[in-house]
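Working notes, structure below.
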Amino acid sequence: MTPSTSLNIVDNDSVYLDGYINMNNSNDNWTWPYSDYPAIYVISMYHLYPIIIIGRVLHIVWYFTGIVGNVLSLRIWILPRMKRFNISALYLVGITVSDISYQKLHLLYYLKYFWGVASIGVAGVCQTWNMLYLVPQYTSQLFVLAFSTERYIAIFHPFKGERFSRYHRAPKIVAVLTVFSLVISTPQAYFWEVDSNGFCELRPGTDFMDQYSAWSVASETVLFLFIPFITLALNIMVLRETYQSIEKRKALATDIMSKNKLHRNIGQNCRPSTVTLLCISFSRILTQLPVSLTYAIQNWFQYGAEMPLEQMKHDPVWERFIHYWGLRVVIDTLGSSHHALSIFVFYYSTKQFRTELHSIISTVKSVILRRSEMPNAISLNVNSELRFTESTHRTNSWS
């Protein structure tokens, strides 16, 4: 019997394909009946239904917020005058482009794991997507590290910082880091293929799995664990040095006038780029680090033997995996927010960004107001013309 192509939800505890299987019955000839859907999707819908539904809604919120926020952020950071206020503006452009790219690619991931759609089940698309999907995640981490390094050098080695932070150097660094990320993610195209059911899955076989595990652990440990920790260390040192510098200035302030001058010049230590760096770095580390940890331990939790969905909750191997997967979906969903909410970090941390955003909002309001007034103006003109015509006609009739 061919299974239905529609996965139905009866209640929070029952997921089935119409008329195909009673999940409480099993025998030696039992086979997995849900070949029309990714296995992880069926398992998630049966055992983690509330989490998947909440994830569906939150990701839509992230997409909508990210589309609006990231486009506005990119529009502001590419302005030439922003470079004068923030010498690291190009890194922020790179971070914003990475966020936009990630959200576009993540939509296919969302369709597969939250809706059961074979969104990348085409030869070539499967391999390309898995390769490109990691690039914006890698570049996001590397751009923040480059941003942090630039600020560290500017504060601890100011004379070298003047040479290191020149505008023409940043594009080269961004280009090199982007190419490096692309090269590091290229092996992913080798590990994935479209299976007989039309889903993009890891290649079968022990050798492939061992190679994939080794490569994933090595690359993701470096890029998603070591680099965030290095970035965190640099930020802590920058924050500490900035605080100590401010305290030293306070100690040297001996009268009211010098104290007032201190407060006016305190911004020289806390340049806009430094404040933005600290905010964007800490926000991303707090959201990304838990995600990195869940991915780092994924090889400790494997699928169990094929069995009916109801029996999985009583199998220790499946029970461990389901608990892990539920936690991973929650952390991953919350962690994805940093690709959508950067505009709020920029708005909070950078005065010039707030000014530009307010200007854009004011312009949009003016355009909307003018367009809303146009029908009234047209109606007024039409009414005036009608009254003029009627008056003329009445005058002519009397004459």
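Mind listing whichever residues of region 308-319 are farther than 23 Å from Ile53 by Cβ and among the charged types (D, E, K, R)?
Answer for region 308-319, where residues must be farther than 23 Å from Ile53 by Cβ and among the charged types (D, E, K, R): just Asp315.
Those residues that are of a type in the set (Lys, Arg) and at pLDDT below 50, I need them from region 262-288; list them, please.
Once the filter is applied, which keeps residues that are of a type in the set (Lys, Arg) and at pLDDT below 50, region 262-288 yields only Arg264.
Could you please find all residues in region 58-80 being farther than 25 Å from Gly335 by Cα and without any contact (Cβ under 8 Å) to a residue 60 or more places away in the chain?
Matches in region 58-80: Ile78, Pro80.
Being more than 22 Å from Val275 (Cα to Cα), modelled with pLDDT under 90 and not in a helix (DSSP H, G or I) is the filter here, so list the residues in region 131-188 that pass it.
His168
Mind listing whichever residues of region 176-218 are within 23 Å of Tyr303 (Cα to Cα) and among the hydroxyl-bearing types (Ser, Thr, Tyr)?
Across region 176-218, the qualifying residues are Tyr190, Ser196, Thr206, Tyr212, Ser213, Ser216.
Filter region 80-104 down to the residues that are at pLDDT below 90 and of a type in the set (S, T, N, Q) and list them by number.
Asn86, Ser88
Considering only region 65-79, how many residues are assigned to a helix (DSSP H, G or I) and either surrounded by 14 or more Cβ atoms within 10 Å (Cβ to Cβ) or modelled with pLDDT under 85 (or both)? I'd like the intermediate steps shown before the answer.
The first filter runs over region 65-79 and keeps only residues assigned to a helix (DSSP H, G or I), leaving 65-77.
Then keep just the ones that are either surrounded by 14 or more Cβ atoms within 10 Å (Cβ to Cβ) or modelled with pLDDT under 85 (or both); that gives 65-67, 69-70, 72-74, 76-77.
Residues that pass the stated criteria total 10.
Scan region 101-130 for residues that are out of contact with any helix residue (DSSP H, G or I) (no Cβ under 8 Å at 6 or more places or on another chain), part of a loop (DSSP other than H, G, I, E, B) and hydrophobic (A, V, I, L, M, F, W, C) and jot them down. First the steps, then the outcome.
Let us first name the residues in region 101-130 that are out of contact with any helix residue (DSSP H, G or I) (no Cβ under 8 Å at 6 or more places or on another chain), namely 104, 111, 121-126.
Right, trim to part of a loop (DSSP other than H, G, I, E, B) and you get 121-124.
The answer is Val122, Ala123.
So for region 85-100 (the condition being under 30 Å from Asp195 (Cα atoms), assigned to a helix (DSSP H, G or I) and among the aliphatic types (A, V, I, L, M)), does at least one residue qualify?
So far as region 85-100 goes, yes, one or more of its residues are under 30 Å from Asp195 (Cα atoms), assigned to a helix (DSSP H, G or I) and among the aliphatic types (A, V, I, L, M).
Might you let me know whether region 37-48 holds any residue that is at pLDDT 60 or above, within 30 Å of Ile343 (Cα to Cα) and not charged (D, E, K, R)? First the steps, then the outcome.
So in region 37-48, the residues at pLDDT 60 or above come out as 37-48.
Subsequent filtering for residues that are within 30 Å of Ile343 (Cα to Cα) retains none.
Among the residues of region 37-48, not one is at pLDDT 60 or above, within 30 Å of Ile343 (Cα to Cα) and not charged (D, E, K, R), which makes the answer no.
Consider Trp192 carefully, then state whether it is out of contact with any strand residue (DSSP E or B) (no Cβ under 9 Å at 6 or more places or on another chain), within 18 Å of Val135 (Cβ to Cβ) and either free of Cβ contacts under 8 Å to residues at least 60 places away in the same chain or not small (Gly, Ala, Ser) (or both).
no
Output the residues belonging to region 343-367 that are among the charged types (D, E, K, R) and modelled with pLDDT of 90 or more.
Passing the criteria: Arg354, Glu356.
Please give the number of the condition Val117 fails out of (1) touching a residue at least 60 places away in the same chain (Cβ under 8 Å); (2) in contact with a Leu (Cβ under 9 Å, 6 or more places away or on another chain).
(1)
The values are calculated or read from the model by the stated rules, or taken from the named source; none is laboratory data. Note that the coordinates shown come from a computational prediction; the quantities given were computed from them, not determined experimentally. Because the Cβ atoms are built from the backbone with ideal geometry, glycine has one as well, and the counts that use them run over all protein chains shown.
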